[in-house]
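We did not get these values from a lab; they are worked out from the coordinates using the rules stated. These numbers were taken from a predicted model, which means no experiment stands behind them. Note: ideal-geometry Cβ built from the backbone for every residue, glycine included; neighbour counts use all protein chains shown.
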Amino acid sequence: MRIVQLVPSLEGGELAQETLEFAQELARQGHESVVISAGGTLVSRLTLHNCQHHELAVDQKGFFNARLHGKLRRLLESLQADVLLARDALCSWHGWKVWQSLPETGRPRLVTLLHSLPPGGSLRGRVNGALARGELVLAGSRTLARELQLRHAAILKQAPAVLSEGEFEEYPGLRVHYRGVNIRELDRRAPVSGHWHQKLLNQFPQLEGRNWLLLPAPIAPGKGQERFLELLAALKQTCPDIFGLIVGAVEPGQEKFARNLERRAETMGLAEHVLFLGARRDMREFYASARVTLDLACDRAASGRVVTESLAMGCPAVALAGTGVEMLQQCFPQGVLPDLSGKSDAAVVAQLADACESILGNPLNVNFAGFSLAETTAQAVSWFQSLCGERVSARHSATGMG
């Protein structure tokens, strides 16, 4: 199949990274993988892996942009794609407007994907409504799928009923598509080198013989560092060998917040129980060496990337909200917390402490089957093939493509 992704840019961030990984995996599985974006630093990595890139300013805002839409139409006509996958609301709007203008017999099948809630947390509005205009609509989690149902049920019901199985029977064109993990890079079977451990212990000797709790998150309000300190303070009473590792860069403008966090840790008596490690490139080794990974952000639309990567490495995890909770329900139920709605901060910390103590005492197995990048990409392709039907087979037979 020839699959074209439409994404605002490849400059960085989770959306660009997910686009890159999906494009590379499509090419690895033998499909023609194309990305249209406004460009960015990840373009060179994309083209190194047998993927095409076409630069077009699809990050331009505005309901109507005749010049941009004309260029996009001509590009799509030349590419003769089987599937156009539009990521985010703006690209879904541009893609849908141009797709409508193409001849019905020659246009690609339109797929839209909701990666996360837009700023403000609402999917109201004409542009956001374009996310539901795909012939197939993919949502990055069940939470996001339900948000689409809530805001755009009338549009979703117009989608072709080509996919009958699954959770969202009332909306057969809506599917949940989790971001997969590249287990060739995060390979739980590969051992961590003794050199890495020794180098880390030489730098931080206080880590030796401790049980590590890992919090990977940018340092900023709402990312969970304050609650993590409260959790460590509670756990050290019963688990004196506990040690917290906070991994993540300080977000721009949050330097004062980061300094206050470090002072607070000292005030709470945690100087010998926590380290602020900054941004790291060796997360695979940390996931492999930690006893528990935590995602303590309270954002219900959080991507769950940290939880997913930790589970891929076989490391137990606990999450408060977002897609991470959904992944735990399917892969590691021991990390799922009871309903904390309306609970006080002290009650939340107590539940977190109970969950961590349970895992430290008797960790159950992590079952990550079905969530590797190869598996989630193959699942998406199977949906695309169902959507395209016999058209793809006929075109590929005529051109000699696989």
Taking a crude spin-label model, label points 7 Å out from Cα along the C-beta direction, the Phe64 to Arg28 distance in nm is 4.5
Asn202 and Gln80 label points (each 7 Å along its Cα→Cβ direction) are spaced in nm at 5.9
Measuring from its Cα centre, the chain shows a charge dipole (+1 at each Lys and Arg Cβ, -1 at each Asp and Glu Cβ) which, in debye to the nearest 20, is 1080
Among His54, Leu156, Leu387, the residue whose Cα sits farthest towards the positive end of the charge dipole of the chain (+1 at Cβ of Lys and Arg, -1 at Cβ of Asp and Glu, taken about the Cα centre) is His54
Whole-Å distance linking the alpha carbon centroid of the stretch 231-247 with that of the stretch 1-79 is 44
FRET efficiency for Gln334 and Arg73 from the Cβ-Cβ distance with R0 = 45 Å, rounded to 0.05, comes out at 0.30
Here the equivalent ellipsoid of the stretch 161-295, derived from its Cα gyration tensor, has semi-axes (largest first, whole Å) of 34, 21, 15
Treating only Lys and Arg (+1) and Asp and Glu (-1) as charged, each at its beta carbon, one finds that the stretch 261-370 has a dipole about its Cα centre, in Debye to the nearest 20, of 200
Sorted by chain and number, the residues with a modelled amide H under 5 Å from that of Ala302, at a separation of 5 or more or across chains, are Gly322, Thr323
If every Lys and Arg gets +1 and every Asp and Glu gets -1 at its Cβ, then about the Cα centre the stretch 325-393 yields a dipole, in debye to the nearest 20, of 200
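Under the 0.36 nm per residue contour assumption, what length would be gained going from the current alpha-carbon distance of Ser358 and Gln237 to full extension? Each step should come with its number before you reach the end.
Working: separation 121, 0.36 × 121 = 43.56 nm, distance 1.51 nm.
Separation in residues times 0.36 nm, less the Cα-Cα distance, equals 42.0 nm.
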Sorted on mean Cβ neighbours within 10 Å (highest first), peptides 196-203, 369-376 come out as 369-376, 196-203
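By per-residue mean of other Cβ atoms within 10 Å, what is the highest-first order of 71-82, 261-272? Numbers along the way, then the final one.
Numbers: 71-82: 17.0, 261-272: 14.3.
Descending packing order for the listed peptides: 71-82, 261-272.
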Among (i) 25.0, 78; (ii) 22.7, 72; (iii) 20.5, 65, the value of Rg and Dmax of the Cα atoms in Å computed for this structure carries the label (ii)
For Gly40, the residues 5 or more places away or on another chain with a placed amide H closer than 5 Å to its own amide H are Leu10
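Could you order the peptides 90-97, 340-347, 381-388 from most to least packed, using the average number of other C-beta atoms within 10 Å per residue?
Working: 90-97: 24.5, 340-347: 9.9, 381-388: 17.2.
Top of the packing list down: 90-97, 381-388, 340-347.
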Ranking Asn128, Gln206, Ala220 by how far each Cα lies towards the positive end of the charge dipole of the chain (+1 on Lys and Arg Cβ, -1 on Asp and Glu Cβ), the top one is Asn128
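Once you have the Cα-Cα distance between His49 and Arg146, take 0.36 nm times their residue separation minus that, and quote the gain in nm to one decimal.
Values: separation 97, 0.36 × 97 = 34.92 nm, distance 3.49 nm.
Length gained between His49 and Arg146: 31.4 nm.
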Phe257 and His195 label points (each 7 Å along its Cα→Cβ direction) are spaced in nm at 3.8
Summing -39500 (n - 2.57) over every DSSP H run of at least 4 in the chain, dividing by its residue total and rounding to the nearest 500, the 222 nm mean residue ellipticity is -12500 deg cm²/dmol
Zone reached by a paramagnetic label modelled 7 Å from Glu285 Cα along Cα→Cβ, restricted to the stretch 198-229 with backbone N below 12 Å, covers 198-204
The answer for His177, listing residues at least 5 apart or on another chain whose modeled amide H is closer than 5 Å to its amide H, is Ala139, Gly140, Ser141
By the Cα gyration tensor axes a ≥ b ≥ c (a/c under 1.5 gives rounded; else a/b larger than b/c gives prolate, otherwise oblate), the shape of the stretch 232-296 is oblate
